[in-house]
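One structure is given here, and the rest of the page talks about it.
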Amino acid sequence: MVASAAQDWWRDAVIYQIYPRSFADGNGDGTGDLAGVRSRLPYLRDLGVDAVWFTPWYLSPLADGGYDVADYRRIDPAFGTLEEAEALIREAAELGIRTIIDIVPNHISDVHPWFQAALTAGPGSPERARFWFHPGAGEDGSQIPTHWVSSFQGATWTRTTNPDGTPGEWYLHLFTPEQPDVNWTHPEVRAEHEAVLRFWFDRGVAGIRIDSAAVIIKDPSFPEAPADEASIPPGQHPFIDRDEIHDVYRSWRRIADSYHPPRVLVGEIWLPDVQRFAAYLRPDEMHTAFNFDFMSRPWQAAELRASIEATLAAHREVGAPATWVLSNHDVTRPVTRYGRQETSFAFAAKRFGTPTDLERGRVRARAACLLTAALPGCLYLYQGDELGLPEDEELPLDVIQDPMHYRSGGTDPGRDGCRVPLPWTADPAANHGFSTPVPGLPAAAGRVLAPTRPWLPQPTWWGEYAVDAEDADPESMLWLYRRALRLRRQTADLRTGRFAWWELGPDVLAFTRGRFGCVVNLGSAPVRLPVDAGILLASRPLSDHRLDTDSAAWLRLPDPDPQPVDHREPTR
């Protein structure tokens, strides 16, 4: 049966990422929660999003911002209750907004009942078979089983302690020691995760985002990973992108397709090989996956074009829509990143004190907004990017909570700088409007009347980017995003127009989609736009149809196939 247009909503959707701790605090305790999100749903409707994606809202000790899940069927009390989550899903749907939630299949929390039972049961027990326990290398087992490197730096094995105080077995954790990896060859692991999918699909979520989707399968012989990973044959890495992984996601797709309307699977897949990446998007696996390659590229025309071409080609082969994203809860915000001398992104390169030109970054981020919103496929928007929030690089060391900072020995500033609670009002009262008890919502245990300090402090200049301040400024980043998303929804060519490059010079990214045109000038000289083209939207004011450097414009073209004429103006 051919899917209806409503069932294919994910092919060109605008999906807004919510980091619950930092979006809106509805009870005044300094931590964002579901009550706060419910109070701000009209804002998201007016912004023009089709869906919201929540990072984990489950019961968790928060060793890694909620990605250490202790119980998938309970909402963490800091965020609210299961009943509030169900109400949020309903209320969002009434406004035309679907809900996507995170699933973290690689690991669980070390306080999860499964892992606690495994520690109690001891070596060789059925409880330990759900995880990757190992007796250790060397005659006495004192040596680490492998030297695999953690995604958060450091070792990937931690040794347990027996009840009598003697050293015990080791367990695997690709992330922090508080996140033991589960064993996906165990039938109970598969059955439990499938049950979790059904639990939330039954409650109306439109889809799931699969965290660290490419690392869940391990080689049970635990070979060392060669230093030169490029030398490893495809599918044979000890723990990344193993061929057996696709059986898991095929089973998940069958579950998703059994619902009406079908639910959607979105993968977090960091792979440099676009063909291996695209294999996850075959018709019987995931629907879409994050395009980290594009997000990581520098602000250079050739680099961005290469990523766009490779992305579109790989997705075309499997019939899946591309996705475009500028940042997320792990990545330096675009305004800061694009203002640096090195505008690409890499976790290993993050360091304290890296200078940035925020005005240059703001101008480029505005152009990047129009570029990504015009490309064919699905657009992801991380909370606060629509405000042009920069990375907060002034957080005191004693408030940083991100384990990436601590596991790096303090050299990596971590990811908390892009997780600072949003400013809703320019007035600093109530944490710039972040902490506002919601009128009309029933009181619950722990709700307080007077707002407390937010879980991460907001900088003194945060109010400059507040929602109410930008709402009053038609030239703000917020208004640019609102206009872009409205035009994206209203313009048929932005949904169905065929993508074609429009050659305007090596430093210009230009393309057409039917009679729609997008031009982004990454060069040093202005670009003259066709005088017979109508200007739909521009990231900066135009003068006599001239597009300045680091600027973008959307055009209504008189001809769907404009000539490849170089409209660059000579440098003055």
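The values are calculated or read from the model by the stated rules, or taken from the named source; none is laboratory data. Just so it is clear, the model here is predicted, and its values are computed rather than measured. We place every Cβ from the backbone using ideal geometry, glycine too, and count neighbours over all the protein chains shown. Only protein heavy atoms, including side chains, enter the accessible area calculation; ligands, DNA and RNA are left aside. Shrake-Rupley method; radii C 1.70, N 1.55, O 1.52, S 1.80 Å.
A few comments on the model shown:
- Hey, W200 within 30 Å of A93 (Cα to Cα) and of a type outside the set (S, T, Y) or not: yes
- The requirement of being surrounded by 21 or more Cβ atoms within 10 Å (Cβ to Cβ), of a type in the set (D, E, K, R) and in a helix (DSSP H, G or I) is satisfied by E386.
- Residue in the range 429-452 that is charged (D, E, K, R), open to solvent by 10 Å² or more (accessible area, probe 1.4 Å), out of contact with any strand residue (DSSP E or B) (no Cβ under 9 Å at 6 or more places or on another chain) and modelled with pLDDT under 95 present: yes
- Residue count for the range 156-199 under the criterion of being in a strand (DSSP E or B), open to solvent by less than 50 Å² (accessible area, probe 1.4 Å) and over 15 Å from V104 (Cβ atoms): the result is 8.
- Consider the range 8-18 and keep the residues that are assigned to a loop (DSSP other than H, G, I, E, B) and open to solvent by 10 Å² or more (accessible area, probe 1.4 Å). The one that is farthest from A430 (Cα to Cα) is D8.
- V467, sole failed condition from (1) among the aliphatic types (A, V, I, L, M); (2) touching a Leu at 6+ places or on another chain (Cβ under 8 Å); (3) more than 30 Å from D29 (Cβ to Cβ): (3)
- Residue match in the range 238-249 (condition: at pLDDT 95 or above, touching a Leu at 6+ places or on another chain (Cβ under 8 Å) and of a type in the set (D, E, K, R)): yes
- Any chance F345 is under 24 Å from D257 (Cβ atoms), touching a helix residue (DSSP H, G or I) at 6+ places or on another chain (Cβ under 7 Å) and open to solvent by 10 Å² or more (accessible area, probe 1.4 Å): no
- Out of L480, L529, L536, L509, sole residue that is closer than 16 Å to A553 by Cβ, over 27 Å from the mean Cα position of the chain (by Cα) and open to solvent by less than 10 Å² (accessible area, probe 1.4 Å): L529
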